[in-house]
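Colleague: Input: one structure, supplied below.
The values are calculated or read from the model by the stated rules, or taken from the named source; none is laboratory data. In this text the structure is predicted, and so the values were computed from the model without any measurement. Every residue, glycine among them, receives a Cβ derived from its backbone with ideal geometry; neighbour counts consider all protein chains shown. We work out accessible area using only protein heavy atoms, side chains counted, and drop any ligands, DNA or RNA first. Shrake-Rupley method; radii C 1.70, N 1.55, O 1.52, S 1.80 Å.
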Amino acid sequence: MSDATLQLYHRQGRRNALLVGVLGLAALAALLLDLVTGPAGLPLAETLRALTGGEVARGTRVIVWDVRLPVACMALLVGAALALAGAEMQTVLENPLAEPFTLGVSSSAALGAAVAIVLGLTLPGLPAVWSVSGNAFLFALGALALLQLLGRIRGGGPEVLILFGVALNFTAAALLSLLQFVASADALQQLVFWTMGSLASAQWPGVVMIGVVLALAVPFSFRAAWKLTALRLGEDQAKSFGVDVAGLRRWTLLRVSLLAASAVSMVGVIGFVGLAGPHIARMLVGENHRVFLPASILTGALVMSLASTLSKTLVPGVLLPVGLVTSLIGLPIFFALILRGRRR
Amino acid sequence: MQGLLARGISVRYGTRSVLEGLDLPLLRPGEVTVLAGPNAAGKSTLLRAIAQLQPHGGQVFLDGQELSHTPMRDRARLIGFMPQSLPSSSSLVALESVIAALRAGDTLGARQADATAMAVLDKLGIGALALEPLSALSGGQRQMVSLAQAIVRDPRLLLLDEPTSALDLARQVRLLSELRRLAGEGRIVVAVLHDLALAAQWADRIVLIHGGHTHAEGAPEQVLTPQLLAEVYGVEARVERCSHGRIMVLIDGEHAPA
């Protein structure tokens, strides 16, 4: 009886691993799809030849390598980073609504961007192309640091952090409105586009940067998987299992702060992925973080990659802000999954 | 010195003092001790303080070792804690949650952890629930899973907060006889129980907590007396002796507070 149950449990484990693999393949397929769509109308074979270093026209190579590939990679990485950040935030703050967006990280980044665009205040020594992203990164990280500091001063549990996060969100939004109010027409347009979230300005250095942050964060996240799983049973339980809950919270929040700040500073405000990525993953594979975290990362990457493709094709000849599209395609999937109920 | 000793335990919530220098007698291995007392007497707080889940004044010694100085990981091997309830929203399956109890604080191999966790569920008679999500279990079933999480690390000290509150009659007996068996193997078992009839039947020792102090302690027949029950609960009670030397507490009604 118990052997049979264990076998069944291990079979479920393999099924979940397989699901994660399928999500990974789907994300790769979405990346390819993203690469072959675009206004230049390159045929698939031509694109693939350019990718594999084959003989193609110089213009084709430039389009594929310098325009489409950084955008497609950025979409994938930003989706992965936001979903991982959301997944870990939801667990350590014990709240299913926690994500970079709801905690004010995104609006703080937008405020940072506005300070650069409208007031022209930027970090000294940073090249001009990086000034907006640099400010956004600084403000996003600052918001999360402030959040942790306030939480530390006030004491108390994660609900305090969430309340501060919501307050921060509104504060940043109000200040952003103020800047929009005083902005020139040009600056206002630039700012509005930034806050809608856009992949169009993705460049290789940015892709590399977010890739490095992700590569640094992921091993630590995976190492903490059982600790995070234990935290789903309540703080007392995790502590009695031998988990240093305060330390786990602190390190996890530091990790996801870096992830969220880099993602948001690169592409602007993109809601939904950080919230829905983890929820979709949870419905697919459950809450054991050893599969839940990879599944969240890949779901986020997949959703964002599909959104990038759709942003080019939804309205022919128009590149929609990707932040709008994530909500447009993500919401129906999300509703469908909620309505269908849990699979397990 | 073998056993659990608590000295001068104090806990404050804000300005409200819950425990004021509470002392516990030496609780020896092999004994089942029941903490009883009115609501808000601080029983759960005391349990959490002993488990080092609650900042507190005073000292707790387990086999002569002061627990607040014991590294967290070692403490997790020494103490099993069963909370009043598990969150009902988790989609973790029962078996996974018990494996987490083994692997979250320790570097235990997957095979060994899986088999150990499954064996504990079987021993408690809930092997059939192993693959059910916690959210799909009843309150009583979750309580049994929670017991499995508490005992799976084979701890020396077992602390249980109202372990029978959601259990039916059969499961109450199952859980309490399991506690007796665990104590019989040389463990120290401390449980908060509200049901004085259960306490009288299963405990070696009852500690009555009232007003932030230990009001009385001793064998059930020493503690469950009409006078002590009136002092602590403010109810008028009769204590009857049945066959086999068992005692029964019969509550007649409210006692006019003095």
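Colleague: Can you find, among A:LEU178, A:ALA4, A:THR122, the residue sitting farthest towards the positive end of the charge dipole of chain A, where Lys and Arg contribute +1 and Asp and Glu -1 at Cβ?
Modeller: Result: A:ALA4.
Colleague: Of A:LEU149, A:LEU8, A:LEU231, which has the most accessible area and how do the rest follow, probe 1.4 Å?
Modeller: Accessible-area ranking of A:LEU149, A:LEU8, A:LEU231, largest first: A:LEU149, A:LEU8, A:LEU231.
Colleague: List the relative contact order of chain B as a percent without decimals, with contacts defined as Cα pairs under 8 Å and 6+ residues apart.
Modeller: 24 percent
Colleague: Hey, another quick one. Please identify every one of the trypsin sites (Lys or Arg not before Pro) in the range B:176-220 that sits in a loop by DSSP and has no more than 14 other beta carbons within 10 Å of its own beta carbon.
Modeller: Listed in order of number, the matching sites amount to none.
Colleague: Of A:VAL166, A:VAL118, A:VAL212, which has the largest mean-square fluctuation in a 10 Å C-alpha GNM of chain A?
Modeller: Of A:VAL166, A:VAL118, A:VAL212, the most mobile in the Gaussian network model is A:VAL212.
Colleague: Length gain on complete extension for the stretch A:SER184 to A:ALA336, per 0.36 nm per residue less the alpha carbon to alpha carbon distance?
Modeller: Length gained, A:SER184 through A:ALA336: 50.5 nm.
Colleague: In addition: Just add up the charged neighbours of A:THR37: K/R +1, D/E -1, any other residue whose Cβ is under 12 Å from the Cβ of A:THR37.
Modeller: +1
Colleague: Using θ = phi - 60° and the Karplus form 6.51 cos²θ - 1.76 cosθ + 1.60, what ³J(HN,Hα) does each residue of the range B:221-227 get, whole Hz, x for Gly and Pro?
Modeller: My calculation for the range B:221-227 gives 6, 7, 8, 7, 10, x, 5 Hz in order.
Colleague: About its Cα centre, what dipole magnitude does the protein assembly as shown give when the only charges are +1 on Lys and Arg Cβ and -1 on Asp and Glu Cβ, stated in debye to the nearest 20?
Modeller: 1240 debye
Colleague: Which order do you get for B:LEU182, A:LEU188 if you rank them by accessible area with a 1.4 Å probe, largest at the top?
Modeller: Descending accessible area places them as A:LEU188, B:LEU182.
Colleague: Let me ask another. Would you calculate, for the protein assembly as shown, the mean residue ellipticity at 222 nm contributed by helices, counting each DSSP H stretch of 4 or more residues as -39,500 (n - 2.57) and dividing by all residues, to the nearest 500?
Modeller: The helix-only estimate for the protein assembly as shown comes to -18500 deg cm²/dmol at 222 nm.
Colleague: Counting partner chain Cβ atoms within 10 Å of every residue's Cβ in A:219-230, what's the average?
Modeller: Per residue, the number of nearby Cβ atoms from other chains is 3 on average.
Colleague: Rounding to the nearest 10 and keeping the result within 0 to 90°, find how far the Cα-based axis of helix B:139-151 lies from the longest principal axis of chain B.
Modeller: Once rounded, the angle reads 80 degrees.
Colleague: Name the most mobile residue of A:ALA215, A:ALA27, A:ALA140, meaning the one with the largest mean-square fluctuation, in a Gaussian network model of chain A with Cα contacts below 10 Å.
Modeller: A:ALA215
Colleague: Could you give the length gained by full extension between A:LEU163 and A:LEU32, i.e. 0.36 nm per residue of separation minus their alpha carbon distance, to one decimal place?
Modeller: So the chain would gain 43.1 nm between A:LEU163 and A:LEU32.
Colleague: Leaving ligands and nucleic acids out of the surface, order A:LYS312, B:LYS123 by accessible area at 1.4 Å, largest first.
Modeller: B:LYS123, A:LYS312
Colleague: Please tell me the relative contact order of chain A in percent, rounded to the nearest whole number, where contacts are Cα pairs under 8 Å and at least six residues apart.
Modeller: 29 percent
Colleague: Trypsin sites (Lys or Arg not before Pro), restricted to the range A:25-78: which are DSSP loop and have at most 15 other Cβ atoms within 10 Å?
Modeller: Filter output for the range A:25-78: empty list.
Colleague: Calculate the dipole size of the range B:4-224 relative to its Cα centre from +1 charges on Lys and Arg beta carbons and -1 charges on Asp and Glu beta carbons; express the result in debye to the nearest 20.
Modeller: Once rounded to the nearest 20, the dipole reads 300 debye.
Colleague: Could you tell me the calculated FRET efficiency between B:ASP122 and B:HIS69, based on Cβ-Cβ distance and R0 = 30 angstrom, to the nearest 0.05?
Modeller: It comes out at approximately 0.25.
Colleague: How well do other chains shield peptide B:83-96, expressed as the mean number of their Cβ atoms within 10 Å of each residue Cβ?
Modeller: 5
Colleague: Pull out the extension gain between A:ALA4 and A:ALA17, defined as 0.36 nm times the separation in residues minus the alpha carbon to alpha carbon distance; nm, one decimal.
Modeller: 2.7 nm
Colleague: Given the whole protein assembly as supplied and a 1.4 Å probe, what does the accessible area of A:PHE170 come to in Å², nearest 10?
Modeller: Probe radius 1.4 Å; accessible area of A:PHE170 about 150 Å².
Colleague: Moving to a separate point now. Below 20 Å, Cα to Cα, which aspartates and glutamates can A:LYS312 reach? Residues fewer than 8 away in the same chain don't count.
Modeller: A:ASP34, A:GLU46, A:ASP66
Colleague: Given a Förster radius of 56 Å and the C-beta distance between B:ARG246 and A:LEU216 as r, what FRET efficiency does 1/(1 + (r/R0)^6) yield to the nearest 0.05?
Modeller: 0.30
Colleague: May I ask you to list the aspartates and glutamates whose Cα is less than 15 Å away from that of A:LYS239, ignoring any residue fewer than eight positions away on the same chain?
Modeller: Excluding near neighbours in sequence, the set is A:GLU94, B:ASP74, B:ASP106.
Colleague: Also, quick follow-up: Can you give the FRET efficiency for A:LEU25 and A:ALA45, using 1/(1 + (r/R0)^6), R0 = 25 Å, r = Cβ-Cβ distance, to the nearest 0.05?
Modeller: Efficiency computed from Cβ-Cβ geometry: 0.75.
Colleague: Please identify, among A:ASN95, A:ASN169, A:ASN135, the residue showing maximal mean-square fluctuation in a Gaussian network model of chain A using a 10 angstrom Cα cutoff.
Modeller: Maximum among the listed residues: A:ASN95.
Colleague: Roughly how many Å² of A:GLU46 are accessible to a 1.4 Å probe, to the nearest 10?
Modeller: Accessible surface of A:GLU46 is approximately 50 Å².
Colleague: Still on this structure: Evaluate peptide A:9-22: per residue, the Cβ atoms of other protein chains within 10 Å of its Cβ; return the mean as an integer.
Modeller: 1
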